Amino acid sequence: MMNHEKTLSLGNEIIEKLKTIFDPEIPVNIYDLGLIYNVSIDDKSVAHITMTLTAPNCPVAESLPVEVKESVATIEGIEDCEVEITFDPPWTKDMMSEEAMLDLGFL
């Protein structure tokens, strides 16, 4: 089983990696956009990411989860990545970070 510090470190690396992936329609990364609901790492070093999309019919509904899976799987210490898409709760702009809201002129 991974120790807490290692898990925390990998979790931070995952978040940093997620911040390099952008929604093609909005110039903000998917983490600051609030699309990532949960990140966890199991004892087999598999990252589990629960995320949503800005809309169910989002044009990147097929490609974005694949991009997330492939990007996170490249992190040293991560064996694989499973991405689960959920629309519960549905995404709203209130889920964006303050920085994202500033970038988009909502604040």
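We did not get these values from a lab; they are worked out from the coordinates using the rules stated. Bear in mind the structure is a predicted one, so any value in this text is a computation, not a measurement. No Cβ is skipped: glycine too gets one built from the backbone with ideal geometry, and neighbour counts run over all protein chains shown.
Charge tally around Asp23: other residues with Cβ under 13 Å, Lys/Arg +1 each, Asp/Glu -1 each, net -2. Between Tyr37 and Lys93, the modelled labels are 2.2 nm apart [label points 7 Å from Cα along Cα→Cβ]. By the helix-only formula, in which each DSSP H run with n ≥ 4 contributes -39500 (n - 2.57) and the sum is divided by residues, the chain has a 222 nm mean residue ellipticity of -9000 deg cm²/dmol. Applying both filters, DSSP loop and at most 13 other Cβ atoms within 10 Å, to the GluC sites (Glu not before Pro) of the stretch 43-107 gives Glu62, Glu76, Glu79.
Here Ser63, Ser97 are placed in order of increasing Cβ neighbour count within 10 Å, fewest first, which gives Ser63, Ser97. Charge dipole of the stretch 1-84 (Cα centre as origin; +1 on each Lys and Arg Cβ, -1 on each Asp and Glu Cβ, all else neutral): 140 debye, rounded to the nearest 20. Relative contact order of the chain: 28 percent, from C-alpha pairs under 8 Å at least 6 residues apart in sequence.
Converting phi to 3J(HN,Hα) with the Karplus coefficients 6.51, -1.76 and 1.60 and the offset θ = phi - 60°, the stretch 101-107 yields 4, 5, 4, 8, x, 7, 10 Hz in sequence order, with x at every glycine or proline. Here the chain has an Rg and Dmax of 13.9, 44 Å, counting Cα atoms alone.
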